[in-house]
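The values are calculated or read from the model by the stated rules, or taken from the named source; none is laboratory data. Values in this document were obtained by computation on a predicted structure and should not be read as measured data. Every residue, glycine among them, receives a Cβ derived from its backbone with ideal geometry; neighbour counts consider all protein chains shown.
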Ligand SMILES: [Zn+2]
C-alpha cells in the first residue's frame, strides 16, 4: 500500500495468548467468544504485527512484536515460542536486513510491543537494529522506568534498557510530526502517552492503532481492556478517533488481531462497527 512517499507492508512479528477476560474488560465472555474463541485456559490468540514504512531514504518499523529468548515460565503463561525469529525473517522476506532499519517508532514499551527491539547475543541483550533511532514518548518512558504495581508486569526492562545504554532512544513530546507523511496521535488510556502512528498524504490515511484497538472486535465503545490504567480516557479517545476515522475514511491497522490486518469503520444506530475488512493491506 502506498501513502505519500511511503510504501507500507505488514510484518509478522510473532504471537501470544492473553486472558480473554482481561482483553475485553467488562464485556461478558458470552459476547466476546463469538469473535475471539478462548482456549482451555480461557486465553485468546493475539498476533504481534509490526508495520514496515519505507521510502527511498528511510526504512521505518512501527513496533517490534514479542521478540525472542523468553524463559520457559513466560512461554507457558503467554503461549509464546521461546525462539521466535519471525520479525527478522519477515523483514528478510521483504529484502530488509537488521542493519537497514533507520527508525523504530515504538507505540509504548509493553513487552509485546518492544520485545523485538533487542536480540540476545553473547549472553546479553543488544539493540536488534544497530543503525536505527528508536522513538518513544518522553512521558511514557518515565512511567516505563517507574511503573505502578498495576502495570509493572507489562514492562520488562531488558527489552528496552539496551536502547538507553547505547544512546539510541529519542524522546518525543506529545502529538508531534515525524515528517510530512507521519505523525503521532497520543492516547493516555491504555498507559501514559501511548503514541499511535498516523501515515497520511492528505487523501489516504492509515492509523496504526496499537492498544487502543488491539483487535477489530474492540471497535464498539464498551470493549476496553482491563489492562488499561484509565479506561474512561480510552473511551473518550475511542470516540474522538472513530469519528475522525469515519469522517476522513481512515484505515485502522490492528496490531493484535489474529486474522484482520486492517479495516475501515462505520456508525449506525447501534454504535460504531467495522465497515470494510482487510486480511492483507489493500493496494
Ligand atoms: Zn500495551
Q: Among the residues of region 229-251, write down those that are assigned to a loop (DSSP other than H, G, I, E, B) and either more than 16 Å from the ligand (Cβ to nearest atom) or touching a strand residue (DSSP E or B) at 6+ places or on another chain (Cβ under 6 Å) (or both).
A: 248, 249, 250
(Q) Looking only at region 258-283, how many residues end up being outside any loop (DSSP other than H, G, I, E, B) and out of contact with any strand residue (DSSP E or B) (no Cβ under 7 Å at 6 or more places or on another chain)? (A) 3
Q. If you check 138, 124, which single one turns out to be without any contact (Cβ under 8 Å) to a residue 40 or more places away in the chain and away from the ligand (no atom under 16 Å from the Cβ)?
A. 124
(Q) Looking only at residues that are assigned to a helix (DSSP H, G or I) and buried (at least 18 other Cβ atoms within 10 Å of the Cβ) in region 157-188, which one is farthest from the ligand (Cβ to nearest atom)? (A) 162
Q | In region 189-228, the residues that are over 22 Å from residue 267 (Cα atoms), away from the ligand (no atom under 13 Å from the Cβ) and part of a loop (DSSP other than H, G, I, E, B) | A | 201, 202
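Residues checked against (1) within 14 Å of the chain's Cα centre (by Cα); (2) modelled with pLDDT of 95 or more; (3) within 16 Å of the ligand (Cβ to nearest atom):
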residue: 82; (1), (2), (3): no, no, no
residue: 93; (1), (2), (3): no, yes, no
residue: 106; (1), (2), (3): yes, yes, yes
residue: 113; (1), (2), (3): yes, yes, yes
residue: 129; (1), (2), (3): no, yes, no
Q) Given the residues 69, 42, which is the only one that is free of Cβ contacts under 8 Å to residues at least 24 places away in the same chain, on the phi > 0 side of the Ramachandran plot and touching a strand residue (DSSP E or B) at 6+ places or on another chain (Cβ under 7 Å)? A) 42
